[in-house]
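What follows is one structure encoded as structure tokens, with my remarks underneath.
The values are calculated or read from the model by the stated rules, or taken from the named source; none is laboratory data. In this text the structure is predicted, and so the values were computed from the model without any measurement. When we count neighbours, we look across all protein chains shown, and the Cβ atoms used for this are built from the backbone with ideal geometry, even at glycine.
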Amino acid sequence: MSLAERMLKIDRRIIFLIIGLCTLLPLLYPVGLPIKISPEVRAVYDYIESMPEGSVFLLSLDFDPSSKPELYPQAVALLHHAFRKNLRVVAMTLWVSGTGLADQIITQVARETGKEDTKDYVFLGWSPGGTAVIINMGQNLYTTFPTDYHGRPTKGLPVLEGVNSLRDVDYAVSLGAGNPGVEAWYVFGKDKYKFEMGGGCTGVMAPGLYPLLRSGQINGLIGGLRGAAEYESLIGRKGQAVAGMDAQSATHMAIIVLVMLCNLFYFATRRQ
Amino acid sequence: MSVESIIGAWVATGLTLFIFSFLYRDNPLFKLAEHLYVGVSVGYTIVKTYDTVLVHLIWKPIVENHEWTLLIPVFIGTLMLARYAPKVSWLSRYAFAFIVGVGAGLAIPRTISSFILKQVEDTVRPLIALVPGEGAVFTWNLLNPASGVNTIIILIGVTSVLFYFFFSVEHAGPGKAVARTGIFFLMIAFGAAFGYTVMARMSLLIGRLTDLIGYADASYGRPTLWLLLLTVGALVLLSRRVKSEPPPEG
């Protein structure tokens, strides 16, 4: 058996080990590779940056713990930015399995930034219906969420003063890991009730959302851990995503090398 | 450090390592973690749905606020349960008819508007503009930087891919060239999607490894180190037991 044939039949656990080491070593010994900001991530940042104090920012955390590594850093970075700009943050989720995680994220960031529940932000929690929730919110926010996540009546909360429906939202961002997510928010929310919106998503979903970005249906897009790292760089608060970028680059390089080697070995066996 | 955080760290570390043990081979530790994941997910969803829907959106508004109109959706929803009684299972059709009718009515116009009309508009807009009094005017100009080459690439991509999936005409002669161009664009799209998928999967691995590194801290009692030893030890024992078992007869 030639070297090429032996390499093509290599135990796949060796590949797992290589990828594992390429991920682990940069996490233990980071080198701080530069991060270039893409226009789609900057668009979300610029829009929030341009919003006047007290504007209503809706953040829909449409994911559950299985997408936490990619979307948790995005949510944390966006919330830090919104709180720093003194925006009124209205958070919610369309995913029942993500309710606890969403509450944990917003409570943690609010505590870090010294923001007060119901005055500076509110977490509405989850309501059943998926896309129907968005349509209902466009008609009346208080019938969709009569109480917030902690059971307090939403009517009369200081943070929701002057907010009756989605038409009163100045900017919305959906961090989606699937359906319902960014697309649902565009189709049943922005397109119908005419508010500006951006999106954040997992890496798997990003290619499918670029057509919406190009056509201006969403004004910006934060894609995967890479997008989160770009946003962390923009707000000058380097967190989990930036820390993971060295590992991401190293694993990508390893995969490129492995793909090239496999092709070389494959063509070598064909020539024999 | 609170006791809840320490227990959480040990549970998260253990389950992560048990799941990762599948990379070596299928084993009972992986199965334990897998079944726990499914069970906890379903249990959490049931409890949250019960609390939000039945308690906060149905029971409290009806009993405390006397919102009797809510009984109408409750009645329609209850008809769904008729499927479990064969004699009256036909009643559930009314509930399904309502859901399908409302769902389709809401989704079809919005989806056509957002995903077809808006996308078609964006595909042709840079090439054709509506000028008052003149109608549709072809506006693309190679010398004008505003009308970029991307516009033409997208138009060629959309039309050639659509033609590739048009099977009423044989893909021969000039049609073959157009269909091949469509395949070329499809391959690029698949490559981009696969690249993003790899990035996403690596991000998940980075997320778990970041947590494992964090939980190796002494303040948590170093669960990563202890549970890694336990997992490796268990895998060694299991593989020895498999080797010592006689092969099945047959």
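Worth pointing out:
- Every residue from segment B:160-183 that is surrounded by 15 or more Cβ atoms within 10 Å (Cβ to Cβ) and at pLDDT 90 or above: B:Ser160, B:Val161, B:Phe163, B:Tyr164, B:Val178, B:Ala179, B:Thr181, B:Gly182
- Within segment B:191-202, not a single residue is of a type outside the set (S, T, N, Q), more than 13 Å from chain A (Cβ to nearest Cβ) and crowded, with 17+ Cβ neighbours inside 10 Å.
- Segment A:91-132: number of residues that are acidic (Asp, Glu) and within 12 Å of chain B (Cβ to nearest Cβ): 1
- Qualifying residues in segment B:7-31 (those that are closer than 19 Å to B:Leu212 by Cβ, without any contact (Cβ under 8 Å) to a residue 40 or more places away in the chain and over 24 Å from the mean Cα position of the chain (by Cα)) - the one farthest from the other protein chains (Cβ to nearest Cβ): B:Ile7
- Condition met for A:Leu234 (surrounded by fewer than 24 Cβ atoms within 10 Å (Cβ to Cβ) and closer than 16 Å to A:Ser38 by Cα): yes
- Among the criteria (1) within 14 Å of chain B (Cβ to nearest Cβ); (2) of a type in the set (D, E, K, R); (3) over 24 Å from B:Phe194 (Cβ atoms), the one A:Arg271 does not fulfil is (1).
- Only one entry in A:Gly178, A:Gly199, A:Gly151 is surrounded by fewer than 18 Cβ atoms within 10 Å (Cβ to Cβ) and either more than 8 Å from chain B (Cβ to nearest Cβ) or of a type outside the set (Phe, Trp, Tyr) (or both), namely A:Gly151.
- Of the residues making up segment A:202-221, those that are more than 18 Å from B:Ala193 (Cβ to Cβ) and more than 10 Å from every other protein chain (Cβ to nearest Cβ) are A:Ile218, A:Asn219, A:Gly220.
- Helices (runs of 4 or more DSSP H) wholly inside segment A:1-114 containing at least 3 residues that are over 20 Å from A:Gly189 (Cβ atoms) and in contact (Cβ under 8 Å) with a residue 60 or more places away in the chain: A:3-8, A:12-28, A:39-50, A:68-84
- Exclusive hit being more than 25 Å from A:Lys36 (Cβ to Cβ) and either modelled with pLDDT of 95 or more or more than 19 Å from the chain's Cα centre (by Cα) (or both), set A:Ala268, A:Ala250, A:Ala254: A:Ala268
- Filtered residue count, segment B:32-80, keeping only those that are facing chain A (nearest Cβ under 10 Å) and either surrounded by fewer than 11 Cβ atoms within 10 Å (Cβ to Cβ) or in contact (Cβ under 8 Å) with a residue 40 or more places away in the chain (or both): 1
- Within segment A:181-209, residues that are more than 21 Å from A:Pro39 (Cα to Cα) reach partners that are outside any helix (DSSP H, G or I) and of a type in the set (D, E, K, R) with beta carbons closer than 7 Å, at six or more positions or on different chains, in the pairs A:Gly181/A:Asp62.
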